[in-house]
């Protein structure tokens, strides 16, 4: 009875914050981590996405980052597939291949500028969104980012990709190919929007790499390179 009275007196002299801290300390001593807070979940997912974007953008922006990665390589525009087929049939393989190479070089160059655009978009993720994403599929955070930011990203990324296409002469090569095709007798004239096509596929490629990194962080403990990532994703 004396022990019970003594414990009660000690607890009554402590604030709620002190008691909570004491419980947290005891849990840590016993090897039981305290429950995740909403801020930890939100910050952990943002950190994972930033890591995925940084990794993805760095991979994509390397020489051949798009061109030699079959998952994200940008092919000749499907709307102008008949242009490619006809020109190759006429023996213009080198010109077509040169265009496809420069198209991917443009995406690689633009990917260097993509990182801050994507990271800014991530910061708008709410705490409520984060809880749902944590328990979701291996690409849940990437899917959320695609759903909520793609339109904005396209608007901001479009001038970046256009500048990059011009820089590597992809736009000029494409115009030359289309002009050559349009001069062929009895062919239906084409003039697809190269910028929109390249922008869509460049962003799609980056999301593919981001999803790949997110899946890796979720499934592979060694990919969780910070204490926050380890804590959030080990509690999933």
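Annotation: extensible slack from residue 180 through residue 86 equals 32.8 nm (criterion: 0.36 nm per residue apart, minus Cα-Cα distance).
Taking Cα centroids, how far is the range 115-175 from the range 183-236 in Å? Taking the Cα centre of the range 183-236 as reference, the centre of the range 115-175 is 9 Å away. With one equal scatterer per alpha carbon and no solvent term, the Debye-computed log10 I(q)/I(0) for the range 38-234 at 0.15, 0.18 1/Å reads -0.86, -1.10. In terms of surrounding Cβ atoms within a 10 Å radius of their Cβ, 161, 122, 184 rank from fewest to most as 184, 122, 161. The label point for residue 188 and the one for residue 58, both projected 7 Å from the Cα toward the Cβ, are 4.7 nm apart. Convex hull volume of the Cα atoms of the range 108-149, normalised per residue: 73 Å³.
Counted by neighbouring Cβ atoms within 10 Å, the residues 222, 102 run from fewest to most as 222, 102. Applying D = kT/(6 pi eta Rh) to the range 79-195, where Rh is the Kirkwood radius over alpha-carbon pairs, T corresponds to 10 °C and eta to 1.306 mPa s, the Stokes-Einstein value obtained is 95 µm²/s.
Every number in this text was worked out from the coordinates using simple rules, so none of it is lab data. A quick note: this is a predicted structure, and the numbers were derived from the prediction, not measured. Because the Cβ atoms are built from the backbone with ideal geometry, glycine has one as well, and the counts that use them run over all protein chains shown.
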